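Data first, discussion second: the structure below is written as structure tokens.
The values are calculated or read from the model by the stated rules, or taken from the named source; none is laboratory data. This structure is a prediction, so every number in the text was calculated from the model and none was measured. For neighbour counting, all protein chains shown are included, and Cβ atoms are generated from backbone atoms with ideal geometry for every residue, glycine included. Side chains are part of the model used for accessible areas, which takes the heavy atoms of the whole protein and leaves out ligands, DNA and RNA. Shrake-Rupley method; radii C 1.70, N 1.55, O 1.52, S 1.80 Å.
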Amino acid sequence: TGTLQDFIDETIFVGDSRTNGLAKYGFVDSDRVYAIDGANHSTARTERFIQLKKGGKLLTIADAVGTVKPKYLMVSFGINGVAFMEEDTFFSEYALFLDELKAKTPDSVLIVQSILPVSAAYQQREPRMTNDKIKRYNRKLAQLAEQKGGLYFDTFTLFKDGKGNLSSTYDSGDGLHFNSRAYQAWLDNLDT
């Protein structure tokens with residue numbers, strides 16, 4: 001078994017702003033993070049934003065992982081879809097996205113991360129995005145990960161407080177994004 005650093009060096013982290021935090025806070029090299037702030041798993045299928053070499057053409061996430069063929073692929077989407085995507089669309093798009101990733105890099109170990117909690121205050125401001133709804137989606141996401149031959153990484157439980165909301169310990173201050181302590185806890189949890 002390798003170290004946590006070995007795992008990080010063999011993984012491509014795919015997602016949105018909450019994944020970008022891994023690079024922003026210096027936990028993971030930015031070239032291992034394929035994420036766009038505000039993206040969801042539907043827009044991520046077509047958005048061309050990854051440049052693997054200087055002057056190279058811009059690639060979608062699926063095309064980029066197909067070139068890199070990482071040992072591990074950690075996918076963390078959902079928060080930017082929970083509020084406005086119909087549930088059926090949310091999951092059919094997620095399934096298509098995972099299928100595209102698996103087709104491009106079939107030997108990579110697929111890890112689907114749970115949708116992360118939001119704060120109590122954030123839930124009040126955005127009533128379409130409740131932690132109860134996120135928990136329900138996470139149960140279906142765990143099943144989807146299994147159906148696609150992947151692993152499910154439950155980080156919702158890691159970051160919630162006693163009431164099931166994003167713990168203030170890990171809140172960057174807006175109720176949606178994480179501080180550096182959250183990423184450290186995330187990596188420590190990953191290490192186990």
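Of note:
- In the stretch 108-158, the portion of solvent-accessible area held by carbon and sulfur atoms comes to 50 percent [1.4 Å probe, whole percent, DNA, RNA and ligands not counted].
- Distant-in-sequence amide H partners of Leu151 (H built 1.01 Å from N, under 5 Å): Leu110, Ile111, Val112
- Lys160 accessible area, assembled protein chains, probe 1.4 Å, Å²: 80 Å²
- Nearest 10 degrees, 0 to 90: helix 131-147 Cα axis against the chain principal axis: 30 degrees
- Solvent accessible area, Å² - Met129, 1.4 Å probe, full protein context: 10 Å²
- Summing charges over neighbours of Tyr72, with a neighbour being any other residue whose Cβ is under 12 Å away from its Cβ, gives -1 when K and R count +1 and D and E count -1.
- For the pair the stretch 37-73 / the stretch 113-192, the C-alpha centres are spaced 24 Å from each other.
- Per-residue [θ]222 nm for the chain (sum of -39500 (n - 2.57) over DSSP H runs n ≥ 4, rounded to 500): -12500 deg cm²/dmol
- Accessible surface area normalised per residue over the stretch 13-69 is 50 Å², counting heavy atoms of protein chains with a 1.4 Å rolling probe.
- Between Gly15 and Tyr34, Ala35, Ile36, Ser76, the built amide H atoms are under 5 Å apart, and every one of these is 5 or more places off in sequence or on another chain.
- Per-residue SASA entry for Arg136, accessible area with 1.4 Å probe, Å² rounded to 10: 100 Å²
- Across the stretch 104-115, rounded Karplus estimates of 3J(HN,Hα) from the backbone phi angles (6.51 cos²θ - 1.76 cosθ + 1.60, θ = phi - 60°) give 7, 9, x, 8, 6, 7, 8, 10, 9, 8, 4, 6 Hz, Gly and Pro being marked x.
- Residue-count net charge about Gly164 - beta-carbon cut-off 15 Å; Lys, Arg +1, Asp, Glu -1: +2
- The stretch 24-38 - phi-based ³J(HN,Hα) in whole Hz, Karplus 6.51/-1.76/1.60, Gly and Pro as x: 4, 8, x, 7, 9, 4, 4, 6, 9, 10, 10, 9, 10, 4, x
- Amide hydrogen neighbours beyond the local backbone of Asp171, cut-off 5 Å, H modeled: Asn179
- Estimated dipole of the stretch 37-192 in Debye, rounded to 20 [Cβ of Lys and Arg +1, of Asp and Glu -1, Cα centre]: 320 debye
- Candidate values (1) 15.3, 44; (2) 15.8, 49; (3) 34.5, 141, label of the one derived for Rg and Dmax of the Cα atoms in Å: (2)
- Theoretical gain in end-to-end length, Asp132 to Thr46 [0.36 nm per residue, Cα-Cα removed]: 28.0 nm
- For the stretch 181-190, the Karplus equation 6.51 cos²θ - 1.76 cosθ + 1.60, evaluated at θ = phi - 60°, returns couplings of 4, 5, 5, 5, 5, 4, 5, 4, 5, 5 Hz by residue, with Gly and Pro reported as x.
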